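Trainee: The structure's right below; bear with me while I get my questions together.
The values are calculated or read from the model by the stated rules, or taken from the named source; none is laboratory data. Note that the structure is a prediction, hence the values are computed from the model and not measured. Using ideal geometry, Cβ is built from the backbone for each residue, glycine included, and neighbour counts are taken over all protein chains shown. Protein only, heavy atoms only, side chains kept; ligands, DNA and RNA dropped before computing areas. Shrake-Rupley method; radii C 1.70, N 1.55, O 1.52, S 1.80 Å.
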Amino acid sequence: MAEGLLGRLSGRGQSSKTATGKTFEVTLEDAEWRQKLTPAQYRVLREHGTERAGTSPLDKEYDAGIYHCAGCGLPAFDAGTKFNSGTGWPSFWAPLDEAVETTSDRSFFMVRTEVHCQRCGGHLGHVFEDGPAPTGQRYCMNGVSLDFHPGETPADCGAAKPKPEKE
């Protein structure tokens, strides 16, 4: 498979702990992650893969609710910050407070900002500086890395709303 070779050449396929050098609150052995996640979720969350654009039903989901990390269940994004970016991936202008962390991603011979779950280190997607107001950011997430809870609010899941101002 091309992604395997390209992944090895580009630095992808690392575990999140190796990629960030951090030990996360939720850690499982590789076999446990493989048992817990679907093959597609494992490829994205644990091997830093990317789902094909336009394949996630979450891209066209615009109901109120909260998007959680599919790896550990941490609330990550409020549907109120979701927008149609036209990219084929669910996009948000901000995460919930303290839900995600970022690292430099130098895969595929370019530099991007990777977004990962702050609790389990699962790869969620990337953030770009071409989003709408009020932050100007586009958190372009893999739908397979998220679990949508329709109707849930940040208060329901103990999350803090995102700060709309750009830092």
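Trainee: Write out, first by first residue and then by second, each pair whose Cβ atoms fall under 9 Å of each other, whose residues are 6+ apart or on separate chains, and whose first residue, in the stretch 51-64, is touching a residue at least 24 places away in the same chain (Cβ under 8 Å) and under 21 Å from Thr153 (Cβ atoms) while the second is open to solvent by 50 Å² or more (accessible area, probe 1.4 Å) and aromatic (Phe, Trp, Tyr).
Mentor: Filtered contacts from the stretch 51-64: Leu58/Trp89.
Trainee: Picking from Thr103, Thr135, Thr81, which residue would you name as being among the polar types (S, T, N, Q) and either closer than 27 Å to Pro39 by Cα or at pLDDT below 95 (or both)? Quick ask: steps written out before the conclusion?
Mentor: Working: Thr135 fails: either closer than 27 Å to Pro39 by Cα or at pLDDT below 95 (or both); Thr81 fails: either closer than 27 Å to Pro39 by Cα or at pLDDT below 95 (or both).
One residue alone meets the criteria, Thr103.
Trainee: Looking at the stretch 125-142, is at least one residue touching a helix residue (DSSP H, G or I) at 6+ places or on another chain (Cβ under 6 Å), in contact (Cβ under 8 Å) with a residue 60 or more places away in the chain and under 23 Å from Gly49 (Cβ atoms)? Walk me through it before giving the result.
Mentor: First, pick out the residues of the stretch 125-142 that are touching a helix residue (DSSP H, G or I) at 6+ places or on another chain (Cβ under 6 Å): 142.
Remaining after also requiring in contact (Cβ under 8 Å) with a residue 60 or more places away in the chain: 142.
Cutting the leftovers down to under 23 Å from Gly49 (Cβ atoms) gives us 142.
The answer is yes; a qualifying residue exists.
Trainee: Of all residues in the stretch 59-102, count the ones that are over 12 Å from the mean Cα position of the chain (by Cα) and part of a strand (DSSP E or B).
Mentor: 5
Trainee: Would you confirm, using the coordinates I've provided, whether Thr102 is open to solvent by 40 Å² or more (accessible area, probe 1.4 Å) and under 20 Å from Lys60 (Cα atoms)? Write out each step before concluding.
Mentor: Details: open to solvent by 40 Å² or more (accessible area, probe 1.4 Å): yes; under 20 Å from Lys60 (Cα atoms): no.
Here the answer is no, as Thr102 does not meet what is asked.
Trainee: Of all the residues that make up the stretch 87-99, how many are crowded, with 23+ Cβ neighbours inside 10 Å and not hydrophobic (A, V, I, L, M, F, W, C)?
Mentor: Residues that pass the stated criteria total 3.
Trainee: Now a separate question. Is there a residue in the stretch 42-60 that is surrounded by fewer than 21 Cβ atoms within 10 Å (Cβ to Cβ) and at positive phi?
Mentor: yes
Trainee: For Gly158, are the conditions met, namely being buried (at least 18 other Cβ atoms within 10 Å of the Cβ) and either at positive phi or within 11 Å of the chain's Cα centre (by Cα) (or both)? Explain how you work it out, then say what you get.
Mentor: On the way: buried (at least 18 other Cβ atoms within 10 Å of the Cβ): no; either at positive phi or within 11 Å of the chain's Cα centre (by Cα) (or both): yes.
So Gly158 fails the test.
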